[in-house]
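Colleague: One structure, pasted below without further comment.
The values are calculated or read from the model by the stated rules, or taken from the named source; none is laboratory data. All figures in this text were calculated on a predicted structure; none of them were measured in a lab. With ideal geometry, Cβ positions are generated from the backbone for all residues, glycine too; neighbour counts draw on all protein chains shown.
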Amino acid sequence: MTGGGAGPTLVLVIIVGVLVGCGVNLLLERSLTRILLGIILLGNGVNLLIMLGGRPGVAPVVGTGPVDQMSDALPQAMVLTSIVITFGLTAFLLAIGYRSWYLTGDDEVPDDIEDRQIVRRAERDEAATADLGGEGADADPEQVDPEPARRRLRRGDGVE
Amino acid sequence: MNRLLPLPVVVPLLGAALTLVLGRWPRLQRGISVAGLTTTLAVAVVLLVEAYRHGPVVLAVGAWPPPVGIVLVADQLAALMLVVSSAVTLCVLLYSIGQGQGDVGESAPVTIYHPTYLVLTAGVTNAFLAGDLFNLFVGFEILLAASFVLITLGGTEVRIRTGSTYVVVSIVSSMLFLAAVGLVYAATGTLNLAQLATRLDALPDDVRLALQLMLLLAFGVKAAIFPLSAWLPDSYPTAPAPVTAVFAGLLTKVGVYAVIRTETLLFPDRQVAPLLMVVAGLTMLIGILGAVAQSDMKRLFSFTLVSHIGYMIFGVALSSVAGLSGAIFYVVHHITIQTTLFLVAGLVEVRAGSTDLRLLGGLARLAPLLGVLFFVPAMNLAGVPPFSGFLGKLGLLQAGVAAGGALPIALVAAGAATSLLTLYVASRVWNIAFWRSPRLATDEPAVRLPALMVGATAALVALGLVLTVAGGPLFDVTADAAEDLRARTPYIRAVFPGGTP
């Protein structure tokens, strides 16, 4: 940082940009571990950005130097808070990644249910018909009392 | 009076600590949770009365004067949200106690549930009371961290898979919020909302617009406004029923509250009003069309949740007193009703073994009380007169017509269409799950539903009806709150009685 209080140095600004850029890039990955790394980089970039918002200078302790050359203490306090928060969230995400690996053998974030249903329907070349209400009880096979036929539905369309 | 102000945050946090320590005595744990949330509700009611009669209640925490220290502010909007949210959280807590060993107990240590739930409540109240942007951020983080634990409760495969989407999306939106906070501080040198109100006015228009859009983006993810809403219907339905209910009722509304607060206090010039209107319309229509296509009750309600957020954003975008008043009324109504519907879905799951419409039928004959508990809030949500949903929609549509212009009128049309489609969706659920020939998804249905679960749900249904009966007085409060929001001065003067530094 510059001692003269002329604002943030270009180097720091570039570092913020690089950290956030890499973070976003990693976020776009499928694997939770890479997403986690992305979030760590992104979080550090954002924390650095907050630091840039305050006035740079000497340590903000009364009695150690002239008041007008002190750095702004508020962003530092905020960054401490946000570092703790980022740390906690990272730990939780790590736990989720581990649990996911433990249960399924990988840590990929899957497609959502709807997407998978659409893919399955497209494969079977089937139209989406969710509305089961018809004109009357006889018009809709679904409204007739349960028959063995409904078992097929249950196995095929249940939530994975 | 302002000494009461920290209680809605401190009491649940203290309760969380106590319940965590007393994890081995479930009975004591439950007692502490219920007592804590009842206290919160009582304090919230006192604060609302005080804010309505004498203007915003302000407390500088630790006696640090406002621009430096943390301030808690309860104006009418915040106090009203506080009252509704604590009433709803209390009911959901009772419901989950009634459910007891079922959903939560089998797959997870019960010890975790109560502390986390109380921390979630503390986060929500902290966000409502926050008088500066950073404290708002901290409130969001508290409630998000707690919600992460609740949504992955038990750590089953499905919950971990959907939970990971939720966690990542939430963290990214928090990062956006944090970056916006940093930039706001860099531009103005303060984060106190009342001081920001004056300092942001002095900024160049384009800088202010950039800050506004960044904050909106962060809050938009949390509030599930259309292009940013895809995460919600995927992650909410897999959590335990009470958890989904409280998430649906409160978490998105905290986002909406943040939008209302920042759009009125910090950015009163209507620079982004057209943008907000467009996304509000899209949120309504795309959300409800999503609901039409669903065949599972919980997913269906998640889509109506997204859809009806659009009404609130519409009210904010109008930014007239009538529009804001309607939006605040709608938030209050929607918190209650949407939570009730998810609780009913939970009851259906207990009674019939599933919430999948393809497997259900004839519930009205098998469980008439359940039918009533579903029918009333469902019609309320759809906006059938004379329920509060009708009053809220009417208020908003009238405000839209009064505003005039092509865009507001288009939004009025979209709102009416959404209301009709909601009615279609609600009656479809009714026809399929409650009216056709009886069928259940399980061979061993629970014949008697736990009394406490039914009681808590009935209490929320009744609260929805109270909102209807007390619609007039409630509209007085929301209109008053909206006037204060538009004027901005009551808030600023309450925080800085001697003028803004």
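Colleague: Only one of (1) part of a helix (DSSP H, G or I); (2) modelled with pLDDT under 90; (3) more than 19 Å from B:Leu485 (Cβ to Cβ) fails for B:Gly220. Which number is that?
Modeller: Here B:Gly220 meets the rest and fails (2).
Colleague: Can you tell which of A:Ile35, A:Ile83, A:Ile40 is buried (at least 16 other Cβ atoms within 10 Å of the Cβ), more than 8 Å from chain B (Cβ to nearest Cβ), within 18 Å of the chain's Cα centre (by Cα) and assigned to a helix (DSSP H, G or I)?
Modeller: Working: A:Ile35 fails: more than 8 Å from chain B (Cβ to nearest Cβ); A:Ile83 fails: buried (at least 16 other Cβ atoms within 10 Å of the Cβ).
On inspection, the qualifying residue turns out to be A:Ile40.
Colleague: For B:Thr152, all conditions in the list (1) closer than 16 Å to B:Ala16 by Cβ; (2) at pLDDT below 90; (3) buried (at least 22 other Cβ atoms within 10 Å of the Cβ) hold save one; what is the number of the exception?
Modeller: (1)
Colleague: Checking the condition over 18 Å from B:Gly123 (Cβ atoms) and in a helix (DSSP H, G or I), which residue from B:Ala44, B:Ala17, B:Ala51 passes?
Modeller: Details: B:Ala44 fails: over 18 Å from B:Gly123 (Cβ atoms); B:Ala17 fails: over 18 Å from B:Gly123 (Cβ atoms).
Only one candidate qualifies: B:Ala51.
Colleague: How many residues does region B:161-171 hold that are within 7 Å of another protein chain (Cβ to nearest Cβ) and at pLDDT 85 or above?
Modeller: Kept after step one, since they are within 7 Å of another protein chain (Cβ to nearest Cβ), are these residues of region B:161-171: B:161, B:163-165, B:167-168, B:171.
The next check asks that each one be at pLDDT 85 or above; those that pass are B:163-165, B:167-168, B:171.
The qualifying residues number 6.
Residue by residue, here is whether (1) among the small types (Gly, Ala, Ser); (2) surrounded by 24 or more Cβ atoms within 10 Å (Cβ to Cβ); (3) in contact (Cβ under 8 Å) with a residue 40 or more places away in the chain holds:
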| position | (1), (2), (3) |
| --- | --- |
| B:Val221 | no, no, yes |
| B:Val243 | no, yes, yes |
| B:Ala248 | yes, yes, yes |
| B:Arg270 | no, no, yes |
| B:Val278 | no, no, yes |
| B:Thr304 | no, yes, yes |
| B:Ile309 | no, yes, yes |
| B:Ile313 | no, yes, yes |
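Residue-wise test of (1) of a type in the set (A, V, I, L, M); (2) within 24 Å of A:Ile50 (Cβ to Cβ); (3) in a helix (DSSP H, G or I); (4) within 14 Å of chain A (Cβ to nearest Cβ).
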| site | (1), (2), (3), (4) |
| --- | --- |
| B:Leu209 | yes, yes, yes, no |
| B:Gly249 | no, no, yes, no |
| B:Lys253 | no, no, yes, no |
| B:Ala258 | yes, yes, yes, no |
| B:Glu263 | no, yes, yes, no |
| B:Leu276 | yes, no, yes, no |
